[in-house]
Amino acid sequence: MTRAARAASIGGVLDHDDDHEDADHEDDDLPAPTAWDIGVAIALRAEPADRSALDELADAMLVWAEGPEVEALTTRSVAALWSSELEGLLRDGLARAAGLGDGWAPAVSAAAAEFERDPLASPVTRAVVQHLAWELGSGDGPPFFCLCCLDEAVAAAPPEERRRRAREAALLAVHNAAVPPAEVGEAFAARSPARLATDQRRRAVRARLGRLARYGRTSMPALSRELERIAAEPLPADPNDDDVWEVVAHALLAEHARPELN
């Protein structure tokens, strides 16, 4: 599914109104739901424990990557997450999706038949896991954070401004820095963002940016080029000279100061 189609289907499914008086007539005018549409409608939620199984797929989904590599990542994530509990949740979700309206019934029936034949390989299972990954990765950034918008901004910026714009992607890597809240509070009280920096944390941030760059080479080329340069450069010896870490440290301190905004 293309980036535009996937984004449209997320909005379309989430805005679906089961109680609309003209739902049956509207269904006649809509294309048949895809496996992705059904997966979004099933609406499972990612848990923190799912992180290790979904990390790489999450980054691929965040940059709207497509192709064999994403399919391989999906297969790996499905296998890592699979359990009798997940199987039951998917079966229940398909039953719920079947009730979304007459326009959904044939597609959901076909998806359910494929699921029963081979639950792990079924398109709806793969779509659900991809959506879980997308949801998990999106949760790493602030509300309304948009990598597509950032790619467009980098592409439109003059060369001397592109790095500054691209390093905003480090907001997604605040999670990877894994700074304990107590340390953030101490740094906030001391007004010293640099004290949060360790080489391990700074490398983890750049590794995340490098992974986003790798998966986004085709879908987000302008942003990916800048992130690849950042990921490949030597780590600045002095954290005060690390403009990438600066983005992470300021985000941590801002969240500490105004937690209600996050």
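FYI, it's all coordinate maths here, none of it is from the lab. Every value quoted in this text rests on a predicted model; they were computed, and no experiment measured them. Cβ: placed from backbone, ideal geometry, glycine included. Neighbour counts: every protein chain shown.
Given contacts defined as C-alpha pairs under 8 Å and at least six residues apart, what's the relative contact order of the stretch 93-175, whole-number percent?
After rounding, I find 19 percent.
Stretched out straight at 0.36 nm per residue, the stretch from Thr198 to Arg217 would grow longer than its current Cα-Cα span by 3.9 nm. In angstrom, the C-alpha Rg and Dmax of the stretch 147-261 are 14.3, 43. Among Ala166, Leu223, Val248, pick out the residue whose Cα is farthest towards the positive end of the charge dipole of the stretch 147-261, where Lys and Arg carry +1 and Asp and Glu carry -1 on C-beta, about the Cα centre. About the Cα centre, the residue reaching furthest to the positive side is Leu223.
Taking packing as the residue-averaged number of other Cβ atoms within 10 angstrom, the listed peptides 164-172, 239-247, 188-196 run from highest to lowest as 164-172, 239-247, 188-196.
Quick one: what do you get for the chain if you divide its Cα Rg by 2.2 N^0.38 Å?
On the way: Rg = 20.7 Å, N = 262, 2.2 N^0.38 = 18.3 Å.
Compared with the compact-globule rule of thumb, the chain sits at 1.14.
Dipole of the chain computed with +1 at Lys/Arg Cβ and -1 at Asp/Glu Cβ about the Cα centre; of Gly101, Ala65, Pro236, farthest Cα towards the positive end is Pro236. For the chain, taking a cut-off of 4.7 Å between Cβ atoms, the unpaired cysteines are Cys148.
Sorted fewest first by neighbouring Cβ atoms within 10 angstrom, Ser138, Ser219 come out as Ser138, Ser219. Taken as Cα centroids, the stretch 238-256 and the stretch 202-232 sit 18 Å apart, rounded to the nearest whole angstrom.
Per DSSP H run of at least 4 residues, take -39500 (n - 2.57); add these up for the chain, divide by its residues and hand me the 222 nm value, nearest 500 deg cm²/dmol.
-20000 deg cm²/dmol
Per-peptide packing, taken as the mean over residues of other Cβ atoms within 10 Å, places 228-236, 208-216 in the sequence 208-216, 228-236 from highest down.
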